[in-house]
1. Please enumerate the residues belonging to the range A:93-125 that are over 18 Å from the mean Cα position of the chain (by Cα), farther than 19 Å from A:GLY68 by Cα and assigned to a helix (DSSP H, G or I).
2. Which ones in the range B:272-304 are touching a helix residue (DSSP H, G or I) at 6+ places or on another chain (Cβ under 6 Å) and in a loop (DSSP other than H, G, I, E, B)?
3. What number of residues in the range B:256-291 are closer than 16 Å to B:GLN234 by Cβ and β-branched (Val, Ile, Thr)?
4. Tell me which residues, restricted to the range A:15-32, are at the interface with another protein chain (Cβ under 8 Å from one of its Cβ atoms) and either on the phi > 0 side of the Ramachandran plot or touching a helix residue (DSSP H, G or I) at 6+ places or on another chain (Cβ under 7 Å) (or both).
5. Identify all residues within the range A:226-248 that are within 14 Å of another protein chain (Cβ to nearest Cβ) and either under 16 Å from the mean Cα position of the chain (by Cα) or part of a helix (DSSP H, G or I) (or both); write none if there are none.
6. Would you tally the residues in the range B:33-62 being closer than 18 Å to B:PHE287 by Cβ, away from chain A (no Cβ under 14 Å) and of a type in the set (A, V, I, L, M)?
7. Being of a type outside the set (Val, Ile, Thr), in contact with a helix residue (DSSP H, G or I) (Cβ under 7 Å, 6 or more places away or on another chain) and modelled with pLDDT of 80 or more: is that true of B:MET36 here?
8. Can you pull out the residues in the range B:88-101 that are over 17 Å from the mean Cα position of the chain (by Cα), buried (at least 24 other Cβ atoms within 10 Å of the Cβ) and within 12 Å of chain A (Cβ to nearest Cβ)?
Amino acid sequence: MSGASSAVARRIEAHLARRRRWRAIEIVFWLAALGTILAFPSRAALINEIVIAGLFALSLDLILGLAGIVSLGQAAFLGVGAYAAAILASKDLGDPTLGLAVGALAAGALGFVTAPLLLRGADLARLMVTLGVSLMLGELANRSAWLTGGADGLNFSMSPVLGLFPIGFTGQRNAALYSFVVLFVLFALARRLRQSPFGLALAAIRENRLRAGALGIATGWRIVAIYTVSAAYAGAAGALLAQTTQIVSLDLFDFHRSADGLLMLIIGGAGYLYGGIIGAAMFIVLRDVISAATPEYWEFWIGLLLVALVLVGRERLRDIVLSRAALVWPKAAGRGAA
Amino acid sequence: MTARTSTLCVALAALLAASPALADDNSVTIGMILPMTGPSASTGKQEKAGAELYLQQHGDTVAGKTIVLAVKDDTGAADVTKRLAQDLVANDHAAALMGFGLTPLALAAAPIATEAKVPEIVTAAATASITEKSPFIVRTSFTLPQASAPMAQWALNNGVKKVVTIVTDYGPGVDAEKWFGETFEKGGGTIVERIRAPLKNPDFAPFLQRVADDKPDAVFVFVPSGFGSVFMKQFVERGLDKAGVKLIGTGDVTDDDQLADIGDAALGAVTAHHYSAAHDSPENKAFVAAFEKANAGMRPNFMAVAAYDGMDLVYRALEKTKGDASGPALLAAMKGMSWTSPRGPVSIDPETRDIVQNIYVRKVEKTDGALYNVEFATIPDVKDPYKAGKH
């Protein structure tokens, strides 16, 4: 009896260990991303925006993709992280890395406090609760003009990262690299999280919360935990955004920030963690190219693309790309989706 | 992770590399950053049309240089404004930045203007203090104190004694409230109540009820461009016009762009502003006719004329420097420049880099079947009182 169960445990452990290993294609992805920053110094500001939006979409993937929690209020955490970092910097307090940590912690704390609101009710109630929290925080930031600058926003200057790398107008590539390093570290953590027993429990909750509970998984605490982590990730994205652009304004709390994050995640695909980053890159590069050509109507083309993506189906698009790729590189294509 | 990812990476890299085509030596790029989508899209639309009209009328060549106008959409988000400004300066070598629909957006670009020594021509945002944030900021729109103080003076001279002010709660609104209130009280008037309405919630009904309870002679109002019609309609719905409360304000509330939508509710509103499409001058008649021809169904408002003048300022500066498009040279040429705009005579104050212009007192009337702000009094050469008070 015990021999059989330990054999099962060993098999599960081996399976998890296998999943934890970095695949060649993943290493290629990160090297290519790093290479892009180094190869296009003149586009560093745009790339920086992509990296930060990718981190923000990743934070959404943690709740939506891993645990199946829908949210329309992720901007609340983006805003809190950004304002925390900005206020710290405007008072000349410390290194950007400190601001980053404070931003992430502040947003995480807020996530922890508001997470219990998500435990009751279904998807629709969650959408309303998350949206409501972000609206309240936006108004709070507006009212606290003495601290946040109110509707005029807050301009500040940033000390160099670790005292060495300036990230202002003259250090745009440093800024992109700084954001990239943060994204990579947080991504690696999220990846590990997804493949841990905690991640598996989340997957069970996502598929059927009632059944997961019946299996003895404490679903409430796990939802609170992942929501807190996700909030901290969004806060880190906000802190990076504030530090690398050196301005914060109330639109950080806007609904469109949450919606754009969700869009990016849907474009790239939820649940496998890379989706948010890929979606962010596609969304922002397309927006940049299309809106340069037609600044008024770019939203139309993005909308059209989204409809096409949903109608044609991402799976079918992937199959087409895979079948082509299989002709030139059978091994990589054979590995399939993570 | 799939092979799709690598395909995408290659495609993205190609797009990144392909994006901005570098301008040649003889061209001068003007980067225009505007909210073309989002809640302030009407500002962006008017500004773009105004700037493009200037190009269309004057050609793209001045002092031997070819002018390239690059219009970018910042969606009204300050971090995007900043990124676009960086991109325009670093990659497109923009000789000047222009536009900026809201105060935080203008402030976002200020450090870049300073650091890169590139003139930032503010053609929309109207908080008085903006020009102090960088020595490279020049403004062709207006400032709220510039319009609010004359409005208070007019009210004092016309038997208005008790006023309630309603402003939108952000930089320009606070400016309008302060300068109207101070001028009005200094002249012996009374401000019964000062109401600030949130920027994000354009429902004025509860505030207007408070106005009705206060029974003032007049209500002074500032709302951002695009929000006027909601206010005017609710003002009439509450029956404040019939209760004998005068509506006065800066011209934002009876914006030319929206006057037709507001309808007869606007009749009789008295406002002080620097531009009306009904301004009686040959320059303005030609401007309005050309604008309406180029943009069917649109009437130019103060945003359009500010962008038109922004382009005019760049052209005149380039002529003066004989084609030298370096930032400090352009800035020096712009300081003290004076010309006749569709709105009347204007100049750039060499000390504050802000615009000096006539402020007109107007009343909404129906002429030829359409509503217009008809000017009936002129206060000539008004400097921004906020900065004038400091010097």
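The values are calculated or read from the model by the stated rules, or taken from the named source; none is laboratory data. Being a predicted model, the structure only gives us computed values, none of them experimental. Because the Cβ atoms are built from the backbone with ideal geometry, glycine has one as well, and the counts that use them run over all protein chains shown.
1. Residues satisfying the conditions are A:PRO96, A:THR97, A:LEU98, A:GLY99, A:VAL113.
2. Listed by number, the residues that qualify are B:TYR275, B:ALA277, B:ASN295, B:PRO300, B:ASN301.
3. The total comes to 1.
4. A:ARG23, A:ILE25, A:VAL28, A:PHE29, A:ALA32 - these are the residues of the range A:15-32 that are at the interface with another protein chain (Cβ under 8 Å from one of its Cβ atoms) and either on the phi > 0 side of the Ramachandran plot or touching a helix residue (DSSP H, G or I) at 6+ places or on another chain (Cβ under 7 Å) (or both).
5. Scanning the range A:226-248 gives A:ALA237, A:GLY238, A:ALA239, A:LEU240, A:LEU241, A:ALA242, A:GLN243, A:THR244, A:THR245.
6. The number of residues fulfilling the criteria is 2.
7. yes
8. Within the range B:88-101, B:LEU88, B:VAL89 qualify.
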